[in-house]
1. Could you tell me whether PRO277 is touching a residue at least 60 places away in the same chain (Cβ under 8 Å) and surrounded by 15 or more Cβ atoms within 10 Å (Cβ to Cβ)?
2. Considering only residues of segment 166-194 that are basic (Lys, Arg) and surrounded by 15 or more Cβ atoms within 10 Å (Cβ to Cβ), which is nearest to PRO208 (Cα to Cα)?
3. So CYS265 clears everything in (1) over 30 Å from GLN29 (Cα atoms); (2) in contact with a strand residue (DSSP E or B) (Cβ under 7 Å, 6 or more places away or on another chain); (3) not polar (S, T, N, Q) except one condition, right? Which one?
4. Tell me, please, whether a residue that is buried (at least 18 other Cβ atoms within 10 Å of the Cβ) and over 21 Å from SER9 (Cα atoms) can be found in segment 231-238.
5. If you go through segment 291-316 one residue at a time, how many are of a type outside the set (Gly, Ala, Ser) and assigned to a loop (DSSP other than H, G, I, E, B)?
6. Considering each of LEU15, LEU81 in turn, give the residue that is buried (at least 18 other Cβ atoms within 10 Å of the Cβ) and either assigned by TED's automatic domain parsing to the domain that holds ALA247 or modelled with pLDDT under 95 (or both).
7. Between PHE118, PHE175, PHE155, which is of a type outside the set (Val, Ile, Thr) and over 30 Å from GLU220 (Cβ atoms)?
8. Return yes or no: is VAL194 among the β-branched types (Val, Ile, Thr) and either within 22 Å of the chain's Cα centre (by Cα) or in a loop (DSSP other than H, G, I, E, B) (or both)?
Amino acid sequence: MSLDLSALSNAPRLLMQAKLKPLQGTRFQPTGFPEIGAAQYEGPHGENMLLVESSQSLANRMEEVCWNKVANDWVQPLRGLSVIKVNDKNGNPLTNSVLEAHRINSPYILEGKDKTVFDRLKSELVSMEEGFVDLRKLASVLLKLDINALLHGVFLAKKELAGGRLRLPRALSGFIEASKVNTAASGGVKNDGVNPSGDTSKGFGNVPFARDEFVSPEIEAYFNLDLAQLRGYGFPQHVYELLAALALFKIRGFLEEGLRLRTACDLKSEEPIVERPAGFQFPTWDELKAALPDLIKNAKATVNFEVITVTYTSTGKPKKADRDSTSDGDDADRDTN
């Protein structure tokens with residue numbers, strides 16, 4: 001099955017939005033951040049606003065709908081795309097470049113004793129040690145090794161790789177926000193029927209707690225696909241269409257299957273609205289599932305999509321944790337909320 005993506009041929013952006021509402025009841029729990037909790041702010045007209053899902057977290061969720069954790073592989077319509085899998089020292093699946101915070105720049109891929117991917121990058125990108133970074137060359141290497149990074153961005157922050165200057169911004173981004181919000185304050189008690197007055201610092205005793213959820217008449221998910229950036233990589237048309245279709249698959253998959261954001265935040269979506277380009281019809285979930293295998297097959301005529309498996313064994317060097325970044329960066333961290 002083929003997709004009609006002609007409306008995207010010359011458009012600089014694909015902008016979409018979808019109205020959301022709680023699957024049951026009226027309350028929902030937003031994402032939270034260290035030290036500040038829920039991200040509440042005043043809108044441009046003085047309305048009470050709330051960030052329900054950050055761009056970092058939404059990127060994670062769009063990636064997750066692409067991966068079958070049981071099979072340790074892409075979901076069926078995406079089989080054959082490039083990916084880097086990581087096994088532990090016993091040969092058991094550990095992680096992969098689709099689910100890793102920094103994709104191909106994950107420490108489990110580049111910082112272990114297995115230098116397969118690191119050496120490959122250093123060899124193929126050696127021409128960029130000095131002078132300007134050739135983004136088209138970088139994109140062509142990532143296409144073969146980790147196609148996911150072309151949509152969600154990457155920052156190869158290694159001085160041995162072109163002095164740490166290799167980065168691609170996100171082409172696909174999104175967020176969820178709510179307006180006209182009100183707080184739904186509640187609470188509860190963790191009961192200890194054996195020893196209600198026990199030492200709560202050790203997990204015993206009754207522990208009362210407060211809880212804030214929210215209600216809103218307007219919850220919206222927004223998506224932005226930078227088509228000009230994808231075209232700028234200079235790929236053949238069939239590869240560009242594959243990248244665009246993969247992005248659409250991620251958006252549609254998230255709205256169809258990924259809206260249980262937290263225990264107290266289970267949402268449902270109305271049919272998304274395409275803001276631009278005018279005339280573009282967002283393919284259905286079934287249409288995307290049917291079309292992507294052929295798009296991947298066509299791309300393979302010119303691209304050698306690789307599936308590389310590395311073994312992670314620690315080098316023993318301490319690593320600085322970096323999981324809370326909210327920069328407009330080019331490597332989305334895993335949001336644990």
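1. Details: touching a residue at least 60 places away in the same chain (Cβ under 8 Å): yes; surrounded by 15 or more Cβ atoms within 10 Å (Cβ to Cβ): yes.
When the stated conditions are applied, PRO277 passes them.
2. Our first condition is that a residue be basic (Lys, Arg); within segment 166-194, this holds for 167, 170, 180, 190.
Subset that is surrounded by 15 or more Cβ atoms within 10 Å (Cβ to Cβ): 167, 170.
On the way: ARG167: 47, ARG170: 43 Å.
My answer is ARG170.
3. (1)
4. Checking segment 231-238: not a single residue is buried (at least 18 other Cβ atoms within 10 Å of the Cβ) and over 21 Å from SER9 (Cα atoms).
5. Total meeting the criteria: 9.
6. LEU81 is the lone residue from the list that is buried (at least 18 other Cβ atoms within 10 Å of the Cβ) and either assigned by TED's automatic domain parsing to the domain that holds ALA247 or modelled with pLDDT under 95 (or both).
7. PHE118
8. Here the answer is yes, as VAL194 does meet what is asked.
The values are calculated or read from the model by the stated rules, or taken from the named source; none is laboratory data. Treat the numbers as computed from the prediction; the structure is a model and nothing was measured. Cβ: placed from backbone, ideal geometry, glycine included. Neighbour counts: every protein chain shown.
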